[in-house]
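One structure below.
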Amino acid sequence: MMADPSDTKSDAGAIDVSIIVPALNEAANLPELLRRIDSAMTGSGSGSGRGGRRYEVLVIDDNSTDGTPGVCAELSREYPLALHVRTSPHGGLSGAVLHGMSLARGEILVVMDADLQHPPERLPDLLAPLTVDDPTSPLFVLGSRYVPGGSMAEKWGLMRRFNSRVATLLARPFAGRTRDPMSGFFAMRRRTYATGRHLTPLGYKVGLELMCKCRVGAVREVPIHFDVRSHGQSKLTIKEQFRYLEHLSRLYDFHYPHASPIAKFLIATGISWLVAFALYLLLVPLFPQTGRVAVPLLAYPAAILITAAFHARYVRTQREFLVSPRPWLSFWLIAAAEWAACAAAAAWVAWRVRSATVAEVFVLTFGFATLVRYILRKELLLDIRGLRRDPRREEVPDGG
């Protein structure tokens, strides 16, 4: 009969290491994975662990259709395995990992993929820094492909290597000099995980999320050989790469709670201004007499439409975290206020600054309208602050 963690809650102290394995249609890989995990952890297949250490494996399954429950039922007769099926998966692989951590009983938490690309034989080396170093200092241990001794079975092309390098550089502001911050093979102490705030699972890079939001004091990288997938299909798609960018956006918001939202606001504003200014220049010759008032009014909707495109992405990716219950109604009301501000500024320029150049009229009118937008969104809606709800129920966001 498959192991049930609820039967052993009173024996929580007996588990030293919890190995969390997110899975989706990985039934073909699980028998080999469990055999190699047990061999690495015990050397005998008994489940007792080296030096009296005991472990558990939590397979967090997102509604697989390949017979994973039956395979896990068989494997649980031989290994300390428990299957947990998420009938309503949320947050992808990251959500599965956080779900597993909430169920884990070990003092050390390990995360690894089910596809055999992460070598279970390296588990003792991954755990060693967490048992030798000062137990009071936060420490995060990564299985790394890029440190001396690390390697990959698959030969990546130039474009994929470029993408990986760019992804690593984008993560550097909060991952430091870590060479493989996107690794999904890592270990950390339970007490380190408990310090995490505002965890928001998204996509595959849960290790990066934990490194950032648990404020780990040190990261240790252990070299591994990253193997090819044995069975099944890779879950890494173009969609997941875009989700990584969205994930980075959230991490920047968390790590730089004041600077990040302002930077995003400036990026959206800069792009909208460039598009609107091109239209503005096209319209100026058409209104030689009334251009100071008419042209800004006709060009500003272009800026609103570009901003609407950014807002659409924001609403799509952050709907459950939004402050406003009607984000589009709020957006169009603020857009109307911006347009009115642009009109007022244009009228004032036409009345008081008759010598202003075309560029000066543009900056004065669009600048005032943009200032109105910033004030209304920041002070009334708080939708550029980048705040996120923490799905862990025991934590209450500080609202900061």
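The values are calculated or read from the model by the stated rules, or taken from the named source; none is laboratory data. Given the structure is predicted, the values throughout are model-derived calculations rather than measurements. No Cβ is skipped: glycine too gets one built from the backbone with ideal geometry, and neighbour counts run over all protein chains shown.
With the requirement that a residue be closer than 20 Å to ALA187 by Cα and of a type in the set (Ser, Thr, Tyr), what does region 82-112 give you? Result: SER94, SER102.
Among the residues of region 115-134, those identified as part of a helix (DSSP H, G or I), among the aliphatic types (A, V, I, L, M) and surrounded by 17 or more Cβ atoms within 10 Å (Cβ to Cβ) are LEU123, LEU126, LEU127, LEU130.
Please go through region 268-297 and give me each residue that is touching a Lys or Arg at 6+ places or on another chain (Cβ under 9 Å) and within 20 Å of ARG354 (Cα to Cα), ordered by number. ARG292 - this is the single residue of region 268-297 that is touching a Lys or Arg at 6+ places or on another chain (Cβ under 9 Å) and within 20 Å of ARG354 (Cα to Cα). On the stretch given as region 275-313, residues that are among the hydroxyl-bearing types (Ser, Thr, Tyr) and either within 33 Å of the chain's Cα centre (by Cα) or on the phi > 0 side of the Ramachandran plot (or both) total 1.
Exactly one residue out of SER330, SER355 is touching an Asp or Glu at 6+ places or on another chain (Cβ under 9 Å), in the same structural domain as PHE265 (by TED's automatic domain parsing) and among the small types (Gly, Ala, Ser), and it is SER330.
Taking the condition surrounded by 17 or more Cβ atoms within 10 Å (Cβ to Cβ) and of a type in the set (Lys, Arg), does ARG189 pass? Yes: the conditions hold for ARG189.
Of all residues in region 325-357 being more than 20 Å from VAL372 (Cα to Cα) and hydroxyl-bearing (Ser, Thr, Tyr), which is farthest from the chain's Cα centre (by Cα)? The extreme case among them is SER355.
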